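K.L.:
I am attaching a structure below and will ask some questions about it afterwards.
The values are calculated or read from the model by the stated rules, or taken from the named source; none is laboratory data. The structure displayed is predicted, hence computed values, not measured ones. Positions of Cβ are generated from backbone atoms using ideal geometry, with glycine treated the same way; all protein chains shown enter the neighbour counts. Note: areas computed on protein heavy atoms with side chains; ligands, DNA, RNA excluded. Shrake-Rupley method; radii C 1.70, N 1.55, O 1.52, S 1.80 Å.
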Amino acid sequence: MWGRRLACLLEMPARLGGSSGRHSPRLPRDRRTIPAAGTRWHHTAPESLKCAWQLHPDHLELRYADTLMRFDFVWLRDHCRSASCYNAKTNQRSLDTASVDLAIRPKAVRVDETTLFLTWPDGHVTRYGLEWLVKNSYEGQKQQVMHPRILWNAEIYRQAQVPSVDCRSFLETDEGLKEFLQNFLLYGIAFVENVTPTKEDTEILAERISLIRETIYGRMWYFTSDFSRGDTAYTKLALDRHTDTTYFQEPCGIQVFHCLKHEGTGGRTLLVDGFYAAEQVLRQAPDQFELLSKVPLKHEYVENVGGCHNHMIGVGPVLNVYPWNNELYLIRYNNYDRAVINTVPYDVVHRWYAAHRTLTAQLRRPENELWVKLKPGKALFVDNWRVLHGREAFTGYRQLCGCYLTRDDVLNTARLLGLQA
């Protein structure tokens with residue numbers, strides 16, 4: 001099943017200005033001069049297309065395909081797709097937005113079965129396809145999901161039987177790459193099998209879908225439990241679920257893990273779908289979900305080990321949502337790296353702790369935990385904006401390599417293959 005878009009928390013009920021339920025008789029489909037203040041709905045023939053429009057002093061109201069849309073006149077002029085306003089070859093705007101009169105108002109409006117026509121005071125004509133308007137209007141965007149996903153707990157993921165992709169197919173065919181990316185976009189994790197267990201081959205794998213993001217840990221990181229860096233990851237201790245680089249202003253988007261060798265016991269990797277847990281919070285305590293999406297926190301990384309001296313600070317809420325549809329797109333959760341809470345007033349901080357406790361309880365539910373034993377030859381890609389990872393304690397010698405990938409490049413690769421990303 002498809003993951004549902006997180007419900008809107010803050011949206012005010014839409015009120016249709018000037019609509020009294022009275023409809024004008026069917027009017028001929030010709031150009032009409034606009035009255036000083038439109039108060040009637042104008043229909044295009046045939047009415048079965050459910051297309052009607054109404055003019056207000058500062059905006060146009062359009063009802064089409066069961067969607068009621070409102071367009072500011074400046075917006076309608078600014079987004080004109082005529083040859084003089086928009087370069088269709090480069091897909092870039094040519095019109096100087098700052099030159100548009102903020103008090104502009106069309107001189108005439110016409111709507112037929114498929115197109116809206118606007119004539120401006122200087123005689124310029126703008127044409128919009130009605131389907132284009134539905135797709136690109138604010139109201140249309142509120143109804144759409146930016147990133148289709150399948151939210152999962154351990155049982156849902158196991159029952160889905162998501163296949164790993166063979167390394168050769170991943171590297172040499174668009175079909176293998178597309179299958180991998182589709183799995184990754186839907187679930188936030190994906191595996192590649194039969195990878196030669198070396199850092200160099202892991203690097204080749206990563207570069208198939210993205211530029212590698214160089215960070216304070218270098219380009220390709222490679223570590224054992226030698227505490228060579230000031231981080232708990234460089235030990236044999238268990239790691240609780242978390243997302244990485246919460247102390248970056250923009251946390252790294254994708255993380256690649258490849259276990260090259262392990263001579264010992266334990267060390268299983270823990271994976272938890274943070275968006276699945278957040279949706280449970282939204283259902284049970286929407287006010288707490290809202291608080292976690294509004295309150296900014298600091299995360300920091302302070303390191304003074306050997307020749308490594310770093311002090312990184314990132315700021316943002318635990319849950320990050322798109323404001324127009326409240327779709328969750330990033331979770332910033334790391335109890336190790338959360339800094340002193342000094343960005344929250346005293347009368348809010350206790351409620352924040354309660355909300356954080358609710359989310360943590362969901363993240364720690366045993367049924368939400370997917371445990372995976374990484375082994376040489378099996379590379380794991382994790383959406384660090386969505387899926388939390390951790391590990392159990394281990395014994396013996398364990399080598400792990402990996403890297404961070406730039407999120408924009410991964411999504412770009414997916415779009416070029418025809419996927420929604």
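K.L.:
Using the Karplus curve 6.51 cos²θ - 1.76 cosθ + 1.60 with θ = phi - 60°, work out ³J(HN,Hα) for each residue of the stretch 392-406 in order, rounded to whole Hz, and write x for Gly and Pro.
P.N.:
After applying 6.51 cos²θ - 1.76 cosθ + 1.60, I find 8, 4, 9, 10, x, 9, 9, 10, 9, 10, x, 6, 9, 10, 6 Hz.
K.L.:
How much accessible surface does LYS236 have with a 1.4 Å probe, in Å² rounded to 10?
P.N.:
Roughly 90 Å² of LYS236 is accessible to a 1.4 Å probe.
K.L.:
Now for a separate question. Tell me which residues come under 5 Å, amide H to amide H, from ALA108 once H is placed; ignore anything under 5 positions away on its chain.
P.N.:
Under 5 Å from the amide H of ALA108 lie the amide H atoms of THR119, each far enough along the sequence or on another chain.
K.L.:
I've got another one for you. HN-Hα J couplings of the stretch 99-104 from phi, Karplus 6.51/-1.76/1.60, θ = phi - 60°, integer Hz, Gly and Pro as x?
P.N.:
Per residue, the Karplus-derived 3J(HN,Hα) values read 8, 6, 4, 5, 9, 4 Hz.
K.L.:
Each residue of the stretch 80-92 in order: what ³J(HN,Hα) in whole Hz does its phi give by Karplus 6.51 cos²θ - 1.76 cosθ + 1.60, θ = phi - 60°, with x for Gly and Pro?
P.N.:
3J(HN,Hα) across the stretch 80-92, in whole Hz: 4, 9, 6, 4, 7, 10, 8, 8, 5, 6, 9, 6, 10.
K.L.:
Then there is this: Does the stretch 305-387 classify as rounded, prolate or oblate by the C-alpha gyration tensor (a ≥ b ≥ c root eigenvalues; a/c under 1.5 gives rounded; else a/b over b/c gives prolate, otherwise oblate)?
P.N.:
Oblate.
K.L.:
Normalised by the number of residues in the chain, what is the relative contact order in percent for Cα pairs under 8 Å and 6+ residues apart?
P.N.:
RCO, the chain: 20 percent.
K.L.:
Roughly how many percent of the accessible protein surface of the chain is carbon and sulfur, given a 1.4 Å probe and a whole-percent answer?
P.N.:
Carbon and sulfur together cover 51 percent of it.
K.L.:
Among the lysines, which have Cα under 17 Å from the Cα of LYS378 when same-chain residues fewer than 8 positions away are ignored?
P.N.:
Correct list for LYS378: LYS199, LYS261.
K.L.:
For the chain, with every protein chain kept in place, what is the accessible area per residue (1.4 Å probe, Å²)?
P.N.:
48 Å²
K.L.:
Here is a further query. Determine the percent antiparallel among the DSSP beta bridges restricted to the chain, to the nearest 5.
P.N.:
The answer is about 95 percent antiparallel.
K.L.:
Collect residues whose amide H, placed 1.01 Å from N in the peptide plane, falls under 5 Å from the amide H of ALA190; neighbours closer than 5 in sequence don't count.
P.N.:
Long-range HN contacts for ALA190: PHE381.
K.L.:
While we're looking at this one, here's another question. Can you give me the span-like helices of the chain, meaning DSSP H runs with 18 Å or more of Cα extent along the axis and Kyte-Doolittle mean at or above -1.0?
P.N.:
174-187, 346-363
K.L.:
Another question, then. Which label marks the calculated value of semi-axes √(5λ) of the Cα gyration tensor in Å, given the options (i) 35, 29, 20; (ii) 45, 24, 23; (iii) 49, 25, 20?
P.N.:
(iii)
K.L.:
Please sort by residue number the chymotrypsin sites (Phe, Trp or Tyr not before Pro) in the stretch 310-339 whose DSSP state is loop and whose Cβ has at most 14 other Cβ atoms within 10 Å.
P.N.:
Answer in residue order: TRP324, TYR336.
K.L.:
Nothing charged except the Cβ atoms of Lys and Arg (+1) and of Asp and Glu (-1): what's the magnitude of the dipole of the chain about its Cα centre? Round to the nearest 20 debye.
P.N.:
It comes to approximately 1040 debye.
K.L.:
Let me ask another. Rounded to the nearest 20 Debye, what is the dipole magnitude of the stretch 51-139 about its Cα centre when Lys and Arg each give +1 and Asp and Glu each give -1 at the C-beta?
P.N.:
Dipole size: approximately 240 debye.
K.L.:
Search the structure for amide H atoms under 5 Å from the amide H of ARG81, placed 1.01 Å from N in the peptide plane, and list their residues when 5 or more places away or on another chain.
P.N.:
Those lying under 5 Å, H to H, from ARG81 are ARG127.
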